[in-house]
1. At R0 = 22 Å, how high is the FRET efficiency between LEU216 and ALA29 if r is their beta carbon distance? Nearest 0.05 is fine.
2. Only Cα pairs under 8 Å and at least 6 apart count here; give the relative contact order of segment 8-237 as a rounded whole percent.
3. For ALA124 and VAL71, what does the FRET efficiency come to when R0 = 30 Å and r is the distance between their Cβ atoms, rounded to the nearest 0.05?
4. Can you order the peptides 48-60, 114-126, 150-162 by their average number of other Cβ atoms within 10 Å per residue, highest first?
5. Could you sort 80-87, 179-186 so that the peptide with the highest average Cβ count within 10 Å comes first and the rest follow in order?
6. Given the Cα-Cα distance of ALA208 and ILE163 and 0.36 nm per residue of separation, how much length would full extension add, in nm?
7. Within segment 155-175, name every residue whose backbone N is under 14 Å away from a label modeled 7 Å from Cα of ALA136 along the Cβ vector.
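Just so you know, all these numbers are worked out from the coordinates, no wet-lab data involved. Being a predicted model, the structure only gives us computed values, none of them experimental. So basically every Cβ, Gly included, is an ideal-geometry build from the backbone, and we count neighbours across all protein chains shown.
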Amino acid sequence: MKSVFDPKYIVEFIPKLVEALPVTLLMTAVAMVGGLILGFLVAIIKMKKVPVLKEICALYVSFMRGTPLLVQLFLSYYGLPILLAVVNEEFGVSVNINQVPAIIFVFIAFTLNEAAYLSETIRAAILSIDKNEIEAAMSLGMTSFQTMIRVTLPQALLVALPILGNTLISLLKNTSLAFTVAVQDIMGAAKVASGRNLRYFEVYIAAAIVYWAVCLIIEFATKKLENKIDFKNKKIPVKSKFEGDFDSRLKQNELAKKSLGYEKYEQQA
């Protein structure tokens, strides 16, 4: 008689699900990197209050945060082919919609979703930096770009890092929705495996273990990285070109004094 629950199937299914792990990690990495880049641009537009673009970004963030991710995924999967068909008809191009992999639509949906949330995280992190430090950097001759790269972003990264770590973990778990559009990730592999032998409970326990293990690794790596770049206990060197020139001239004067014997003269005096 077939047992209702057999733990040995859990051990048997884990290696099969791990084979689909690269697809899950790829979706996570692409969505996170794309979300950071787009989210940073949205945050800067909202902070600088760029006319028209600010209102567009506010509407975009409100829509992405106010609708379920699964709905956004379906809008991307079913809506973008329609858009491509319209482009083909209007501009006379011949883009074969059937040759576009389903994972591309997943990339787009997840990236847009993550960018909306990350834009608020990045904006809050940048605004948390003391304005006096930014003004000090500008007074030393730094441009706005140099101040952002060398002063603002390193400190904002430390502020946002714990939130970014949690966001990455949430994104990894959200990729489990990709199997609904025929992407063979961990959940897609679990669905196929459970359909073959009807061991649904054991398969999904194995899937839960794989997700849990990856999330633990991300959490551990985030804490290590946070401790390594703890700028609160480190001094960030901020030097202008004028300060560098002054230091070099001072060293040249000291060498000249030594060569002319001024040091001995001063000691005798």
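1. 0.80
2. 33 percent
3. 0.70
4. With the highest mean Cβ count within 10 Å placed first, the list reads 114-126, 150-162, 48-60.
5. Packing order, densest peptide first, comes out as 179-186, 80-87.
6. 13.9 nm
7. 155
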